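Enquirer: Here's a structure for you.
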Amino acid sequence: MSNKRKFIIPFVIIIILSAGYLIADSILFDGVKPKAINVNGFQAKYFAKDNLTNKTAIILIGGGQWGDYWANEFSHKEMVALSLPYTGIEGLPKLPEDIDLEYFENAIKWLRSQKEVNSEKIIVMGASRNAELALVIASTFTNTIKGVIAYSPSSVSWSNTVLPYNSNELKPSWKYKGIDIPFIPMEKLSGNMSDKVELIDYWEKGLSKTDLVENASIKVETISGPILLFSGIDDKVWPSAKMANMIEKRLEENYFTYAIKNIQYENAGHLISRNPEQKTDLRTGKINLEGREFEYEFGGSDSGDYKAKKDAKMKLMEFLKGI
């Protein structure tokens with residue numbers, strides 16, 4: 001066999017295998033392949049089927065696997081989605097502190113200019129601290145954001161020091177045009193003599209600072225659209241059901257004219273925003289505090305979380321149909 005032929009045969013095999021992989025990938029892939037966006041100072045993944053026009057768009061605050069999952073689900077329902085990280089990847093801040101809302105404003109402006117998007121039907125969605133941020137964004141950009149979906153939400157803005165890996169210097173988590181978004185200042189979470197920490201006690205201590213809560217409360221009454229809140233009554237990470245009730249009370253006191261749904265689930269914990277198709281037995285997490293590892297509870301139960309996730313997804317899709 002000639003040297004030339006020895007070279008050609010493996011080259012042809014590689015081509016055939018590559019083509020086969022691409023064909024199989026095309027056949028087996030059951031999603032909408034996102035378009036990577038890195039323009040106007042923001043980074044994201046854009047999910048939209050071909051030939052769509054004038055559709056509801058959802059911005060998934062925080063991006064990542066969570067954002068990509070939900071973005072793909074929405075794109076299957078003839079909607080458009082933007083999975084939008086803001087920390088933790090190259091070119092973005094390392095920590096969720098001093099985050100400028102202009103970053104999200106740039107993403108909103110870009111999204112409004114896309115032919116697939118109805119600029120009057122842009123929604124923000126987040127979970128946990130990203131739900132806090134989603135509510136802050138919607139209450140800031142009232143002319144462009146027309147609704148909010150918040151899983152395990154917060155009713156207030158918190159300082160950067162709520163997470164142990166943030167800097168030791170007290171800072172706002174969010175700011176806009178050089179002005180800090182008012183927040184509840186918190187001491188950094190610390191450990192104890194045991195191997196467990198009760199996270200919910202930490203947040204309850206923050207909410208007990210009644211002189212600061214009003215100033216740090218998110219101005220949800222300024223939001224220009226309906227609000228959908230999901231929380232687990234047994235959330236042991238932070239008091240999301242309590243804070244959802246605080247949001248609802250504030251809206252009622254300010255005669256909010258849009259729909260508000262405050263949906264709470266028995267036997268459900270903090271993780272109800274996760275993939276509703278997957279059952280999980282994940283009941284605890286790990287956190288490193290001052291060089292030691294501690295365990296904390298998410299709350300809820302396997303069956304309680306699963307039922308909540310399934311029901312919440314159904315209600316979420318109904319909510320979006322009504323936008």
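The values are calculated or read from the model by the stated rules, or taken from the named source; none is laboratory data. As the structure is a computational prediction, the values presented were derived from the model and not from experiment. As a convention, Cβ positions derive from the backbone with ideal geometry for all residues, glycine included, and neighbour counts pool all protein chains shown. What goes into the accessible areas is simple: the full protein's heavy atoms, side chains included, and nothing from ligands, DNA or RNA. Shrake-Rupley method; radii C 1.70, N 1.55, O 1.52, S 1.80 Å.
Enquirer: Hey, among the residues in region 61-83 that are crowded, with 21+ Cβ neighbours inside 10 Å and outside any helix (DSSP H, G or I), which one's farthest from the chain's Cα centre (by Cα)?
Expert: If we take residues in region 61-83 being crowded, with 21+ Cβ neighbours inside 10 Å and outside any helix (DSSP H, G or I), then Met79 is farthest from the chain's Cα centre (by Cα).
Enquirer: Under the condition of being open to solvent by 40 Å² or more (accessible area, probe 1.4 Å) and on the phi < 0 side of the Ramachandran plot, which residue from region 285-295 is nearest to the chain's Cα centre (by Cα)?
Expert: Looking at the filtered set, the residue picked out is Lys286.
Enquirer: Which members of region 220-248 meet the condition of being within 16 Å of Asp305 (Cα to Cα) and open to solvent by 40 Å² or more (accessible area, probe 1.4 Å)?
Expert: Selection gives Ile233, Asp234, Lys236.
For every residue, the table says whether it meets (1) under 27 Å from Tyr69 (Cα atoms); (2) free of Cβ contacts under 8 Å to residues at least 40 places away in the same chain.
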| residue | (1), (2) |
| --- | --- |
| Asp195 | no, no |
| Asp211 | no, yes |
| Ser231 | yes, no |
| Asp234 | yes, no |
| Ser240 | yes, no |
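Enquirer: Quick one: Tyr86 ticks every box in (1) under 15 Å from the mean Cα position of the chain (by Cα); (2) not in a loop (DSSP other than H, G, I, E, B) except a single one, so which number is it?
Expert: For Tyr86, the exception is condition (2).
Enquirer: Name the residues in region 139-157 that are surrounded by fewer than 22 Cβ atoms within 10 Å (Cβ to Cβ) and in a strand (DSSP E or B), would you?
Expert: None - no residue of region 139-157 is surrounded by fewer than 22 Cβ atoms within 10 Å (Cβ to Cβ) and in a strand (DSSP E or B), so the list stays empty.
Enquirer: Mind listing whichever residues of region 249-283 are open to solvent by 50 Å² or more (accessible area, probe 1.4 Å), within 20 Å of Lys219 (Cα to Cα) and more than 20 Å from the chain's Cα centre (by Cα)?
Expert: Lys249, Glu252, Glu253, Asn254, Tyr255, Thr257, Tyr258, Ala259
Enquirer: Then there is this: Which of the residues belonging to region 168-183 are part of a loop (DSSP other than H, G, I, E, B) and over 14 Å from Ile137 (Cα atoms)?
Expert: Asn168, Glu169, Leu170, Lys171, Gly178, Phe183
Enquirer: Ok, one more. Criterion first (modelled with pLDDT of 95 or more, within 18 Å of the chain's Cα centre (by Cα) and either of a type outside the set (A, V, I, L, M) or exposed (fewer than 15 other Cβ atoms within 10 Å of the Cβ) (or both)) does Lys313 satisfy it?
Expert: So Lys313 passes the test.
Enquirer: With the structure loaded, tell me whether Gly206 is in contact with a strand residue (DSSP E or B) (Cβ under 7 Å, 6 or more places away or on another chain), part of a helix (DSSP H, G or I) and open to solvent by less than 40 Å² (accessible area, probe 1.4 Å) or whether it fails that test.
Expert: Against the criterion (in contact with a strand residue (DSSP E or B) (Cβ under 7 Å, 6 or more places away or on another chain), part of a helix (DSSP H, G or I) and open to solvent by less than 40 Å² (accessible area, probe 1.4 Å)), Gly206 qualifies.
Enquirer: So, in region 89-104, of the ones that are assigned to a helix (DSSP H, G or I) and within 16 Å of the chain's Cα centre (by Cα), which residue ends up surrounded by the fewest Cβ atoms within 10 Å (Cβ to Cβ)?
Expert: Among those residues, the one meeting the criterion is Tyr103.
Enquirer: How many residues are crowded, with 20+ Cβ neighbours inside 10 Å and closer than 19 Å to Tyr86 by Cβ if we restrict to region 106-138?
Expert: 20
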